[in-house]
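Beneath this line is the structure, given in structure tokens, with notes to follow.
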Amino acid sequence: MQKINPQKVSKPVGSLIGLKPEYEERYIILHKNTFPGVLDRIRKSNIRNYSIFLLDGILFSHFEYIGNDFVADMKAIADPVTKDWWKLTDPMQEPLPARKKGEWWAEMDLLLCFGENPKSYLKANRFAYTAEIKRGLEKVVKNIFSNFDERLKALFVKANIHNHIVYCKNSKLYVYFEYTGNDFSNDDKELNSKPMVEKFNSELGKNLKTQWQQMKEVFHTD
């Protein structure tokens, strides 16, 4: 579980932090046995659909905030039970050098969010992917996502992909989405065969240094 910077209201919220390699197994086991009091505090602070993903020593978290006072709700998370939880998790984590003042987890920039369906995550398969942007092309990539039009969005939703969210931090993209269909492989193949999607993927791909890599979900609470 993360300490969240209460200075900025954002829905959804995506953040990053490092995980020391010697603690990976312990961290995963610990999050499979999260303190009930911590989970209760998360809900009381109006956080829903909270997932943490892991790949190559980087933790990527995504959640949705549904309350009306983000600052107050985030401050309230630091109750005695959660502070005890942080005593276990903090030594395992390694904050990113590029984080803002006061942050433990580094909050990311939101580039794209569509296909919102507040109930979809209750029966969805959750996915997260990451890719690195070529040096100096961050603005180009951000512009590509800013031009992601309604026709493209409709194709993704038709393929049973909801809550499709793209974040950016330190020249890396992090994508989160929920799949609510029955055959992801087939729906994904059909989606990527659409001319508009092929064109988008080609344009984006020219600016990426690496291929997309899937991350492993290590924590989730509705």
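The values are calculated or read from the model by the stated rules, or taken from the named source; none is laboratory data. Bear in mind the structure is a predicted one, so any value in this text is a computation, not a measurement. No Cβ is skipped: glycine too gets one built from the backbone with ideal geometry, and neighbour counts run over all protein chains shown.
Could you pull out the residue among Arg48, Arg41, Arg26 that is in contact with a helix residue (DSSP H, G or I) (Cβ under 6 Å, 6 or more places away or on another chain), basic (Lys, Arg) and outside the structural domain of Glu178 (by TED's automatic domain parsing)?
Details: Arg48 fails: in contact with a helix residue (DSSP H, G or I) (Cβ under 6 Å, 6 or more places away or on another chain); Arg26 fails: in contact with a helix residue (DSSP H, G or I) (Cβ under 6 Å, 6 or more places away or on another chain).
Only one candidate passes the filter, namely Arg41.
Going through the stretch 179-222 one residue at a time, which ones are modelled with pLDDT under 95, under 15 Å from Val157 (Cβ atoms) and charged (D, E, K, R)?
Correct list: empty.
Could you list, in sequence order, the residues of the stretch 199-222 that are charged (D, E, K, R) and under 21 Å from the mean Cα position of the chain (by Cα)? Can you show your working first?
Here is the first cut: in the stretch 199-222, the residues charged (D, E, K, R) are 199, 203, 206, 209, 216-217, 222.
Lys209, Lys216, Glu217, Asp222, listed by residue number.
Testing Asn125 on (1) outside the structural domain of Lys44 (by TED's automatic domain parsing); (2) in contact with a helix residue (DSSP H, G or I) (Cβ under 8 Å, 6 or more places away or on another chain); (3) surrounded by 15 or more Cβ atoms within 10 Å (Cβ to Cβ); (4) on the phi < 0 side of the Ramachandran plot, one condition comes back false. Which one is that?
Result: Asn125 passes all but (3).
Specify which of the listed residues (Asp109, Asp40) is modelled with pLDDT of 95 or more, surrounded by fewer than 19 Cβ atoms within 10 Å (Cβ to Cβ) and more than 27 Å from Ile144 (Cα to Cα). Talk me through it step by step, then tell me what you get.
On the way: Asp109 fails: more than 27 Å from Ile144 (Cα to Cα).
Of the residues listed, the single one that is modelled with pLDDT of 95 or more, surrounded by fewer than 19 Cβ atoms within 10 Å (Cβ to Cβ) and more than 27 Å from Ile144 (Cα to Cα) is Asp40.
From the list Lys32, Lys3, which one is modelled with pLDDT of 95 or more, among the charged types (D, E, K, R) and either surrounded by 15 or more Cβ atoms within 10 Å (Cβ to Cβ) or not assigned by TED's automatic domain parsing to the domain that holds His164 (or both)?
On the way: Lys3 fails: modelled with pLDDT of 95 or more.
Result: Lys32 is the single residue among Lys32, Lys3 that is modelled with pLDDT of 95 or more, among the charged types (D, E, K, R) and either surrounded by 15 or more Cβ atoms within 10 Å (Cβ to Cβ) or not assigned by TED's automatic domain parsing to the domain that holds His164 (or both).
Kindly list, by first and then second residue, each pair from a residue in the stretch 15-31 that is more than 14 Å from Phe53 (Cβ to Cβ) to a residue that is assigned to a strand (DSSP E or B), limited to pairs with Cβ atoms under 6 Å and residues at least 6 apart or on different chains.
From the stretch 15-31, the pairs are Lys20/Glu94.
Find the residue count for the stretch 75-84, including only residues that are surrounded by fewer than 18 Cβ atoms within 10 Å (Cβ to Cβ) and in contact (Cβ under 8 Å) with a residue 24 or more places away in the chain.
Taking the stretch 75-84 first, the residues surrounded by fewer than 18 Cβ atoms within 10 Å (Cβ to Cβ) are 75-76, 78-81, 83-84.
Add one more test, that the residue is in contact (Cβ under 8 Å) with a residue 24 or more places away in the chain, and what stays is 75-76, 78-79, 81, 84.
Matching residues across the stretch 75-84 total 6.
Inside the stretch 14-63, can you point out the residues that are assigned to a loop (DSSP other than H, G, I, E, B), at positive phi and touching an Asp or Glu at 6+ places or on another chain (Cβ under 6 Å)?
Taking the stretch 14-63 and keeping what is assigned to a loop (DSSP other than H, G, I, E, B), we get 20, 33-35, 45-46, 56-57.
Then keep just the ones that are at positive phi; that gives 46, 56-57.
Of everything in the stretch 14-63, just one residue is assigned to a loop (DSSP other than H, G, I, E, B), at positive phi and touching an Asp or Glu at 6+ places or on another chain (Cβ under 6 Å), namely Asn46.
Based on what the data block shows, is Leu173 outside any strand (DSSP E or B) and hydrophobic (A, V, I, L, M, F, W, C)?
On the way: outside any strand (DSSP E or B): no; hydrophobic (A, V, I, L, M, F, W, C): yes.
Against the criterion (outside any strand (DSSP E or B) and hydrophobic (A, V, I, L, M, F, W, C)), Leu173 does not qualify.
In the stretch 44-68, how many are of a type outside the set (Gly, Ala, Ser), over 18 Å from the mean Cα position of the chain (by Cα) and at pLDDT 95 or above? Can you show your working first?
Narrowing the stretch 44-68 to residues of a type outside the set (Gly, Ala, Ser): 44, 46-50, 52-56, 58-60, 62-66, 68.
Restricting the remaining residues to those that are over 18 Å from the mean Cα position of the chain (by Cα) gives 44, 68.
Among the residues that remain, those that are also at pLDDT 95 or above are: 44.
Within the stretch 44-68, residues that are of a type outside the set (Gly, Ala, Ser), over 18 Å from the mean Cα position of the chain (by Cα) and at pLDDT 95 or above number 1.
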